[in-house]
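A short reminder: the numbers here are calculations on the coordinates, not readings from a lab. None of these values were measured; they are calculated from a predicted model. Every residue, glycine as well, gets a Cβ built from its backbone with ideal geometry; the counts of neighbours run over all protein chains shown.
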Amino acid sequence: MNHLEKLKRGLSTVLSALISVAIGLAFGFIILFLLSLSTYASAGEPFTLKQVFDTAYNEGFLRLMKGCFYMVRRGLKTEISQAAPLIMTGLSVAFAFKTGLFNIGAAGQYTLGAFGALYCAIVLKLPWYLCLLASVLFGAVWGAIPGFFKAYFKINEVITSIMFNWIGLYAVNTLIYGGGTGAMYCAKTTKTWVIGSGVYEGTTIPNISVFLSEKPQGLGLYLKDTSIAIFFAIIIAIILYIIINKTTFGYEIRACGHSQTAAKYAGISEKRNIILSMAIAGGLAGFGAGLYYLSGVAEWQPLVSTSLPGFGFDGISVALLASSNPIGVIFSALFIAHIDVGGGYMNASFFPREIADIVSGIIIYLCAFMLLFKTAISKGISRVFGAKKELEGGK
Amino acid sequence: MPNEILLLIKYTLLYSSVLMMVALGGMFAERSGIINIALEGIMVIGGLIGVLATQMTHGMNPVIQVAVSVIAAGLAGMIYSMLLAFASINLKADQTIGGTALNILATAIAMVIAKRVNGSQSSKLDYTNSSFIFNVFGIDVNVFLFIGLVFLILSFVILYRTRLGLRLRACGEHPQAADSVGINVYKMRYIGVLLSGFLGGIGGFAYIVPAVQSWNFEVGVAGMGFLALAVMIFGQWHPIKIFFAAIFFSLFKSLANIADSVSFLSRLQWPKEIYNMMPFIASMVVLALTSGRSKAPKAEGIPYDKGSR
Amino acid sequence: MSEYIIEMRNITKVFPGIKANDNITLQLKKGEIHALLGENGAGKSTLMSVLFGLYQPDEGKIFKDGKEVKINNPNDANALKIGMVHQHFKLVEVFTVLENIILGAEDTNMGLLEKNRARKKVLMLSQKYGLNVNPNALVEDISVGMQQRVEILKMLYRNNDILIFDEPTAVLTPQEIDDLMEIMRGFAREGKSILFITHKLNEIMAVADRCTVLRKGKYMGTVDIKDVTKEDLSQMMVGRQVSFTVDKMDIQTGKTVLEVKNLTVPSKLHKNNAVKNVSFTVREGEIVCIAGIEGNGQTEFVQALTGLEKIKSGSIKLYGKELTKLSIRQRAKSGMAHIPEDRHKHGLVLDYTLEQNLVLQRYWTNEFKKAGFIRSKAIRKHAVRLIEQFDIRSGQGPITISRSMSGGNQQKAIVGREIDRSEPLVVAVQPTRGLDVGAIEFIHQELVKTRDSGKAVLLVSLELDEVMNLSDRILVMYEGKIVGEFDPKKTTVQELGLYMAGGKRTNEQTNEQTKASLAK
């Protein structure tokens, strides 16, 4: 009974996630097909549906699904580098969910984390591990603010987080740009300075090559330039899993998440818990930005100031897809990074890369009512195993 | 100086009509019991379809052009909001998550469509907006100011003076009570969400078209939908108060636009971003101050299940 | 023309895992007051929901005046002139009385609401039946008794003449109950037919003509009230003889455990204080009961006592130790167990498993915690022991999700958890609300056992029978004040009722005199 129950709960969660993914991809394919059709149609030359289908499949869908493996030499590094921050923002959202909070502010916390890391690296020229610490602190502060508003003013954290996303974005851009003369701003590239070499030696996270032999073979060859950020992300996911499920602190935050009133009755300070868990969530998101920007794969662009970093919002898909399970987050982040990289490899003259965003948007939409799938699947499993529900009385 | 004041008034009018319409939309949804955080995305979709309609009706009679594109924007928002209605009413999904999904989807959809229309890698669409702008007493006034005022009056009358309004409010406060007197809660909530989609769609269009002649859909509507949510909360879910809240927020938002051209402001040498931040900071302060007296509909955000009583 | 205005024949309604109604027949005559009697969970509400169109029956038919009818929703019920006063009022609090009454049956004029005509009709009805309702008042501003009258007016406004009252007396004072009975009799005299759902035998004996009894979803029969006694009805309802009394030996009280002095608690609903200057003590080996009508400050008092809400002034001492400045957790550690009023809101984390809930007040002790980690084996052992000891039944034992358990077993889990902590003081708030007789008896026995072991029990209850049977001392709370203290052996339900309704008040000195004068 015990095992069946556990199996049922676990299996139905995984299956419902897979169903969401499948539906999301199916929609993605339909869109690819339509785009392909419209391209052929507007070209004015005769064509067959098979051509339309083949183009949609070979130059679109297949590359989307292949992700980094379409061009593994460069792709793998990109995908792994993106997966690390995605795991972190995913963990950020997932952790807040466990406390019953919706951290839509991961994007803002990520922004602040990026600022903290880059400031320490470029201006203070600190070693990378201190920069990482700074990214955590900056993100944590930015997460704690909505927590504070929620705990003391009872303002919904969603609305506060959204406001602080924008406030954070404008503030960080202003500070970095500094009217074109900011210390972190390189006017030539309109980005922050490239770190990792010269005066910035030691500000970037080491590469995987530190673990590898002199002349790596196979996957190692593609990964040697990739930073070890991904390992940090995975380790933190595992730690978080243990904290949530095996410690009394985890017991408390989950109690808060399920029922604020019952948690209060049990003597758990809900104010402290809300602020603390938002701060932790913020720290996680900020750390994600640290992992990304300190890996030296990208620079911050203060002039692109009207949209928030996508990693923050993708964290929501990642968390939802994983049903807020930290271990699941690792896999769902890899998946989202995978199709995002794949999106970039599609034939751009037919298919804009934002199709990957559409797929992930559809997945979030489906996740909003994933419970429906879960219940259905759980019933199905019960039927398969012939287990009778021993419901006794009551309504 | 008077020029600068005129400019400030122009932008304030522009933004307040946008914020008011979208906030009124949010109000209808929330009064029926559905939190509509998807307003941002609805605005994007409305804006996109409105712009496309404007392009298509280029050269036609201005009145027809305005009518067709405004209605197209409204209907597009309405259809898009149906996704929220379906998820949160029929499937009893988490409304905030569903709304967030629609926000993310909207920008992606808009970019895919815009790129397709352009046939290029750019998601920037060009159009002419002359049909939408009049000059009244030396100020450029756009047609959305009038549309907005009409919606304001209509919203008030519908909400407080009609059968629909009474039933809608009942569903947002106590759906079980509404159900027990034979009101179809699902239907009312659909009406609330679709109205918000209609107003949000037009609001998105109103934000994009009058101000500039080209729009890059990469930026969506840059947080205006969220600001409208703050306007709605500050306006305590009441049309008239929303009207004043919209003006208040627009003033801040307008400062960002004219900061460079207004002498006394440009002398401060503050970066534009500071002004961009202001409405968001103002909304946080205001929300914190008014938090104790919230008049939020009691049943908002809670899916209604006929089975459970 | 049929003898019956409404006839429900062989109704069966199945919910997943439970047969709520099993082949039930109910026949309502025109102009009668017909009681529907059954324990909590016997299927009364389900049956009425079927009649009102909220549920569709799986089997069975409904007849109105001998003709079969289909009732798919409340609108159909309304068209058949069936109206219902729900147990939990279906009123929009921020609407006016008038808006609530017309909701769903609004008149319009050129698309706009026509309120003036409706207001006149409401005033006319209110006057005719002596309901005394102000149509312009906001519902949130009027008393619970008035709100019930608004519900009654909703039915009258729609010209209903089959009126269903679902447990209408639970929220009323004895005086208000008498008024309601009079109103119901008036309706019956006018030819309206009344279905009166209750589990209170006295009320049935007082007002009903006939009574249909349900037990565990099954039909037990219909009787003429003039032919039966209270005992007969209770036998039909429960299926065995119930001695509504609890065996309790006299024991010596010990030291003072709890001392409350001049406690004042602000209200969240209005500007006044909810609890006003309350003082009393509870000693070892006694059950002290706070009796009163719902909403007279009991909830606020308990929340202030346990630390869930802040107090305005006064002191709370446990064995002489001042608690008022302490947090909820510190108060629990100081020796206070708490069986909360609302088991879903406070008592349980519904999505936690049973075993997780059973340590809700103890997970932080060394028994269940080691270096910050949870000792899951200890939790399982603890759960298995409590499940055995308190007979908590559930689908999958310790790992059952608490939400899926029946109300009675949820409550047993809470009672077990709190009593097992063996704290010197147990605060129990309406511990038997909504439970069936078996569970009620069990919980009563546990509370008495706790008292017999030399602990102090503070019981807050709305049920006068429970108050009379369990307590060693009774305090009556009215409008936030303690208005009288009584010895259950020397007082009567009638006397308590008078105090609970605010008709009388004493302090301890004049208590005896009052009783003497009442005795004359």
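Determine, from the Cβ-Cβ distance of C:V14 and B:S294 and an R0 of 41 Å, the FRET efficiency 1/(1 + (r/R0)^6), rounded to the nearest 0.05.
0.45
Under a 5 Å amide H to amide H cut-off, with H placed in plane at 1.01 Å, what residues pair with C:E114 once short-range neighbours are removed?
Excluding prolines and chain starts, which carry no amide H, the hits are C:D107, C:T108, C:N109.
Neighbouring Cβ atoms within 10 Å as the yardstick, rank A:K264, B:K92 fewest first.
Listing A:K264, B:K92 from fewest to most nearby Cβ atoms yields B:K92, A:K264.
Which aspartates and glutamates have a Cα less than 16 Å from the Cα of C:K67, not counting those fewer than 8 places away in the same chain?
The reachable aspartates and glutamates, counting only those whose Cα sits under 16 Å from C:K67, are C:E3, C:E7, C:D76.
Return the single residue from B:Y186, B:Y15, B:Y275 with maximal mean-square fluctuation; model: Gaussian network over chain B, springs between Cα atoms under 10 Å.
With Cα springs under 10 Å in chain B, the top fluctuation among B:Y186, B:Y15, B:Y275 is at B:Y275.
Along the charge dipole of the protein assembly as shown, which of A:Y200, B:N36, C:A304 sits closest to the positive end, that is, farthest toward it, with unit charges on the beta carbon of Lys, Arg, Asp and Glu (+1, +1, -1, -1)?
Projecting each Cα onto the dipole axis, the largest value belongs to A:Y200.
Once the convex hull of the alpha carbons of the stretch C:289-387 is built, what does its volume come to per residue, in cubic angstrom?
It comes to 147 Å³ per residue, whole-number rounded.
Where a Cα-Cα gap under 17 Å defines reach, which aspartates and glutamates qualify for A:K379, not counting those fewer than 8 residues away within the same chain?
Within reach: A:E5, A:E390.
From the C-alpha gyration tensor of the stretch B:97-221, pull out the three semi-axes of the equivalent ellipsoid (sqrt of 5λ each), sorted largest to smallest, in whole Å.
35, 23, 8
Could you list the square roots of 5 times each eigenvalue of the Cα gyration tensor of the stretch C:371-498, that is, the equivalent ellipsoid semi-axes, sorted largest first and rounded to whole Å?
Ellipsoid semi-axes (Å, largest first): 33, 16, 13.
I need two numbers for the stretch C:4-238: Rg to one decimal and Dmax as a whole number, Cα atoms only, in Å.
17.8, 60
When the C-alpha atoms of chain C are aligned to their principal axes, what extent does each axis show, in angstrom, from largest down?
72, 53, 53
How far is it, in nm, from the label point at C:R421 to the one at C:T256 when both lie 7 Å from their Cα along the line to the Cβ?
Taking the two extended label points, one gets 2.3 nm.
Over all directions, what mean area does the Cα convex hull of the stretch C:207-365 project, stated in square nanometres?
Approximately 14.7 nm², given one-decimal rounding.
About the Cα centre of the stretch B:47-189, how large is the charge dipole given +1 on each Lys and Arg Cβ and -1 on each Asp and Glu Cβ? Please answer in debye to the nearest 20.
The dipole of the stretch B:47-189 has a size of about 300 debye.
Quick one: compute a quarter of the convex hull surface over the Cα atoms of the stretch A:155-220 and quote it in nm².
Seen from a random direction, the Cα hull of the stretch A:155-220 projects 8.5 nm² on average.
First select every other residue whose beta carbon is under 13 angstrom from the beta carbon of C:T353; then total the charges, Lys and Arg +1, Asp and Glu -1.
Once positives and negatives cancel, what remains is +2.
Work out the length of the dipole vector of chain C about its Cα centre, built from +1 on the beta-carbon of each Lys and Arg and -1 on the beta-carbon of each Asp and Glu, and round it to the nearest 20 debye.
Charge dipole, chain C, about its Cα centre: 1380 debye, nearest 20.
Return the calculated 222 nm mean residue ellipticity for chain B, to the nearest 500 deg cm²/dmol, obtained by summing -39500 (n - 2.57) across DSSP H runs with n ≥ 4 and dividing by the residue count.
-23000 deg cm²/dmol
Projecting each Cα onto the charge dipole of the stretch C:4-238 (Lys/Arg +1, Asp/Glu -1 at the beta carbon, about the Cα centre), which of C:L201, C:T12, C:H88 comes out farthest on the positive side?
Result: C:T12, furthest along the dipole toward the positive end.
Which one, C:V483, C:A456, C:M468, projects farthest toward the positive side of the charge dipole computed for the stretch C:442-485 from Cβ point charges (K/R +1, D/E -1)?
Projecting each Cα onto the dipole axis, the largest value belongs to C:A456.
Using only the alpha carbons, work out the radius of gyration and Dmax of the protein assembly as shown in angstrom.
That works out to 33.5, 110 Å for Rg and Dmax.
For the pairs C:K30/C:K218; C:K90/C:K412; C:K61/C:K218; C:K271/C:K310, note any where the Cα-Cα span goes beyond 22 Å.
From C:K30/C:K218; C:K90/C:K412; C:K61/C:K218; C:K271/C:K310, over 22 Å: C:K30/C:K218; C:K90/C:K412.
Taking every DSSP beta bridge with both residues inside chain C, roughly what % is antiparallel (nearest 5)?
55
Could you derive backbone 3J(HN,Hα) for the stretch A:213-228 from the dihedral phi with the Karplus parameters 6.51, -1.76 and 1.60 (θ = phi - 60°), listing whole Hz in sequence and x where the residue is Gly or Pro?
Karplus values, whole Hz, x for Gly and Pro: 6, 4, 10, x, 10, x, 4, x, 4, 6, 9, 4, 8, 7, 6, 7.
For the residues C:D107, C:D166, C:D179, what sequence is obtained by ranking on other C-beta atoms within 10 Å, fewest first?
With the sparsest Cβ surroundings first, the list reads C:D107, C:D179, C:D166.
I need the peptides B:236-248, B:170-182 ranked by packing, meaning the mean over residues of other C-beta atoms within 10 angstrom, with the highest value on top.
B:170-182, B:236-248
Over all directions, what mean area does the Cα convex hull of the stretch B:1-140 project, stated in square nanometres?
Reported value for the Cα convex hull: 10.5 nm².
I need the trypsin sites (Lys or Arg not before Pro) found in the stretch C:68-172, filtered to DSSP loop residues with at most 13 other beta carbons within 10 Å of theirs.
Within the stretch C:68-172, the qualifying trypsin sites (Lys or Arg not before Pro) (loop, at most 13 other Cβ atoms within 10 Å) are C:K70.
In the structure shown, do any of B:K124/B:K272; A:K188/B:K272; A:K224/A:K374; A:K264/C:K13; A:K8/C:K19; C:K276/C:K317 have a Cα-Cα gap over 29 Å, and if so which?
Cα-Cα > 29 Å for A:K224/A:K374; A:K264/C:K13; rest within.
Summarise the partner chain shielding of C:453-462 as one whole number: the mean count of Cβ atoms from other chains within 10 Å of each residue's Cβ.
0
Only four residue types carry charge here, +1 at the Cβ of Lys and Arg and -1 at the Cβ of Asp and Glu. Report the dipole size of the protein assembly as shown about the Cα centre in Debye, rounded to the nearest 20.
940
Kindly give Rg over Rh for chain A, based on alpha-carbon atoms, with the Kirkwood expression for the hydrodynamic radius.
Over the Cα atoms of chain A, Rg/Rh equals 1.01.
Which helices pass in chain B if a helix is a full DSSP H run, must span at least 20 angstrom along its long axis by Cα, and must have mean Kyte-Doolittle hydropathy not below -0.5?
Those that clear 20 Å and a mean of -0.5 are B:2-31, B:39-56, B:62-85, B:95-118, B:143-161, B:185-208, B:239-258, B:272-290.
Which aspartates and glutamates, on any chain, are close to C:K255 with Cα under 20 Å apart, when same-chain ones fewer than 8 places away are left out?
Output for C:K255: C:E284, C:E286, C:E322, C:E423, C:D452, C:D472, C:E485, C:D487.
What does the convex hull of the Cα atoms come to per residue for the stretch B:154-200, in Å³?
64
Compute from the Cα atoms of chain B the Rg and the Dmax, the latter being the longest Cα-Cα distance, and quote both in angstrom.
Cα-based Rg and Dmax for chain B come out at 19.3, 64 Å.
Give the distance, in whole Å, between the Cα centre of the stretch A:201-216 and the Cα centre of the stretch C:275-302.
A separation of 70 Å, based on Cα centres.
Counting other beta carbons within 10 Å of each residue's own, what order do C:E167, B:E30 fall into, fewest first?
C:E167, B:E30
In deg cm²/dmol, rounded to 500, what helix-only [θ] at 222 nm does chain A give when every DSSP H run of at least 4 residues adds -39500 (n - 2.57) and the total is split over its residues?
-22500 deg cm²/dmol
If you find the alpha carbon centre of the stretch A:266-325 and of the stretch C:390-456, how far apart are they in angstrom?
When both Cα centres are located, 43 Å separates them.
What is the distance in Å between the Cα centroid of the stretch C:85-162 and that of the stretch B:273-304?
34
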